[in-house]
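> Below is a structure I'd like to ask you about.
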Amino acid sequence: MTDYAVLFRELAVPRLVGTVNHHKVREVLKRELAARGFTIDEHRFTGRPARALLGTPREVHGVNLIAHRPSGRPTVRPSVWLVAHYDSKGQPISMALRLVGFFALLAGLVGLLFSPIPAVALLLVGLSIALQNRVNDNSPGAVDNATALVTIFMTIDQLLPATGVGVIFPDAEEFGLVGARALAADRAALFANSAVINLDGLDDVGAPIALLHRPGPMGAAVATALKARQWRWLPVVVDGIALARVTRECVTILKGNWRTMRIVHRPGDTATRVRLDGAAIVAAGLARVLRPA
C-alpha cells in the first residue's frame with residue numbers, strides 16, 4: 001500500500017526541466033507506474049520555450065511519460081487519459097502578481113481608446129511586472145504540480161486494473177506547454193476518440209474548478225462529481241489547452257484560491273503546507289466517475 005505522504009515528499013522538490021531532481025522525480029513516477037502494472041513509453045522531444053518567459057534556454061529537451069495497462073489487444077487504446085505535468089519552476093513573482101500584471105496590461109490597452117494618461121500608467125505597471133517573469137529553480141512545486149501527480153495514483157488505486165484508463169505525465173509544461181504540444185504533434189493517434197482529464201494545482205483550500213477546453217459527457221460528469229464550478233476560459237496556461245486540439249473532449253481540474261496563487265512558483269510552495277486533503281477529494285470524485293469507464 002502506497003504511503004501517499006511519503007510519495008508526495010519525494011515528488012515535491014524543485015525540479016526544473018533538465019536538473020538532477022527533475023530526472024529523479026521522473027524515475028519515481030516510473031517506479032510507481034510499474035508497481036501498478038503499467039507499461040511505460042518515454043516520449044522524448046525538443047521544443048522552444050514560450051517567448052514570454054525570461055531566463056529560459058533556446059531549446060528545451062524533455063521526456064513525456066505515457067503509461068497504460070496491457071489489455072491483450074494492442075490496437076485498443078485507453079478511453080480516458082489522466083494527465084498531470086511533473087516539472088516545476090520558480091519565479092521571482094507569484095501567479096497572483098502575474099495575474100495583476102496581465103489585467104493591468106489588458107486594462108491599459110483598452111484604456112488607450114478612452115483615457116490615454118491613466119492607460120499608460122497601467123501599461124507601465126503591467127510591463128514592470130511582466131519583466132520579472134524570469135524562470136528559476138527555487139520552488140518545490142508542491143501544489144504545482146506534485147499534488148496532481150499523487151492524485152492520479154490515488155485515483156488509479158481505486159480502480160480495477162481492467163478499467164480503460166491511461167496515464168500521461170507531460171514534461172516542460174512550465175516552459176509553455178512544450179511537452180503537451182509535442183504530444184499533440186507526434187502522438188495525436190493516442191487521443192483519438194478519448195477523453196483527457198488534466199489535473200493542475202490541487203490545493204487543500206478552495207473549491208474545485210472544471211476548465212472545459214472541449215466539453216463532453218466525461219468532463220460534465222467529473223465536474224458534477226466534484227461539485228466544481230465550470231468555466232470555458234480562465235487566465236491560466238495549462239496542458240489541456242494544447243491537448244484539447246486532438247481529443248474528443250478535454251477538461252482541466254484545478255483547486256485553490258487566492259492564497260494558493262500567492263505561493264505558486266514561489267519557495268513557499270512546499271509539502272509542509274499541504275495535507276493532501278484536496279488530492280483525496282478529487283481522487284475520490286474521479287474514481288466514482290471512472291469505475292464504469
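> Cross-link candidates for Lys255: which lysines have Cα within less than 26 Å, leaving aside residues fewer than 8 places away along the same chain?
Lys30, Lys89, Lys227
> To continue, here is another question. Keeping every protein chain in place, order Glu59, Glu174 by accessible area at 1.4 Å, biggest value first, i.e. largest first.
Values: Glu59 100, Glu174 10 Å².
Listed by decreasing accessible area, they come as Glu59, Glu174.
> If you don't mind, another one. Output the relative contact order of the range 68-136, whole-number percent, from Cα pairs under 8 angstrom with separation of 6+ residues.
Relative contact order here is 37 percent.
> May I ask you to give the solvent-accessible area per residue for the range 93-146, in square angstrom, as obtained with a 1.4 angstrom probe?
51
> To the nearest 20 debye, what charge dipole does the range 153-256 have about its Cα centre, counting +1 at the Cβ of each Lys and Arg and -1 at the Cβ of each Asp and Glu? Mind dumping the intermediate values first?
On the way: 9 positive and 10 negative charges, 103 e Å.
I would put it at about 500 debye.
> Moving to a separate point now. May I ask you to compute the full-extension gain from Lys24 to Arg232, defined as 0.36 nm times their residue separation minus their alpha-carbon distance, rounded to one decimal in nm? Write out the running numbers ahead of the final one.
Working: separation 208, 0.36 × 208 = 74.88 nm, distance 3.54 nm.
Between Lys24 and Arg232, full extension yields an extra 71.3 nm.
> Now a separate question. Round to a whole angstrom and tell me the spacing of the C-alpha centers of the range 128-152 and the range 1-57.
13
> Once you charge only the Cβ atoms, +1 for Lys and Arg and -1 for Asp and Glu, what is the size of the charge dipole of the range 226-288 about its Cα centre, to the nearest 20 debye?
200
> Something else now. Grab the other residues whose beta carbon is less than 12 angstrom from that of Ala225, score K and R as +1, D and E as -1, and report the net. Write out the running numbers ahead of the final one.
Values: positive: Lys227, Arg288, Arg291; negative: none.
Net charge around Ala225: +3.
> Could you sort 193-199, 240-246, 223-229 so that the peptide with the highest average Cβ count within 10 Å comes first and the rest follow in order?
Going by the mean number of other Cβ atoms within 10 Å, highest first, we get 193-199, 240-246, 223-229.
> Oh, and also: Placing +1 on the Cβ of each Lys and Arg and -1 on the Cβ of each Asp and Glu in the range 230-293, which of Val274, Pro235, Val289 has its Cα farthest towards the positive end of the resulting dipole?
Towards the positive end, the residue furthest out is Val274.
> In addition: Would you work out which of Gly256, Leu211, Val13 lies farthest towards the positive end of the dipole of the chain? Charges go on Cβ: Lys and Arg +1, Asp and Glu -1.
Leu211
> Between (1) 20.1; (2) 19.3; (3) 23.7, which entry matches Kirkwood radius over Cα pairs in Å as derived from the coordinates of this structure?
Computed from the coordinates, Kirkwood radius over Cα pairs in Å corresponds to (2).
> Count the DSSP beta bridges whose two residues both fall in the chain, then state the antiparallel fraction as a percent rounded to the nearest 5.
55
> Of Val25, Val125, which has the most accessible area with a 1.4 Å probe, and how do the rest follow in descending order?
Ranking Val25, Val125 by accessible area, largest first, yields Val125, Val25.
> Further question on the same structure: For the chain, give the percent of accessible area contributed by carbon and sulfur heavy atoms, probe 1.4 Å, rounded to a whole number.
Ligands and nucleic acids excluded, carbon and sulfur reach 62 percent.
> Additional query: Roughly how many debye, to the nearest 20, is the charge dipole of the chain about its Cα centre, given +1 on each Lys and Arg Cβ, -1 on each Asp and Glu Cβ, and no other charges?
On the way: 33 positive and 22 negative charges, 81 e Å.
Taking the Cα centre of the chain as origin, the dipole is about 380 debye.
> Run lengths n ≥ 4 of DSSP H only: what is the helix-derived mean residue ellipticity at 222 nm for the chain, with -39500 (n - 2.57) per run over all residues, to the nearest 500? Mind dumping the intermediate values first?
On the way: 10 runs with 110 residues, N = 293.
Calculated from helices alone, the mean residue ellipticity at 222 nm is -11500 deg cm²/dmol.
> Using only the heavy atoms of the protein chains and a 1.4 Å probe, how would Phe114, Phe102 rank by accessible area, largest first?
Values: Phe114 160, Phe102 85 Å².
Heavy-atom accessible area, descending, gives Phe114, Phe102.
> Here's a follow-up. Can you send over the solvent-accessible area of Trp231, 1.4 Å probe, protein chains only, in Å² to the nearest 10?
Approximately 110 Å² for this residue.
> Within the range 187-209, which residues have the backbone N less than 17 Å from the label spot 7 Å out from Arg248 along Cα→beta-carbon, could you tell me?
Under cut-off, by backbone N: 188-198.
> Identify the residues of the range 262-289 with backbone N under 16 Å of a label point that sits 7 angstrom from the Cα of Asn136 along the Cα-to-Cβ direction, or state none.
Residues 263-270 fall inside that zone.
The values are calculated or read from the model by the stated rules, or taken from the named source; none is laboratory data. Not measured: the values here are computed from a predicted model. Don't worry about glycine lacking a Cβ; one is built from the backbone with ideal geometry, like all the others, and counts go over all protein chains shown. The protein model used for the area step is the full one, side chains on, heavy atoms only, and it has no ligands, DNA or RNA in it. Shrake-Rupley method; radii C 1.70, N 1.55, O 1.52, S 1.80 Å.
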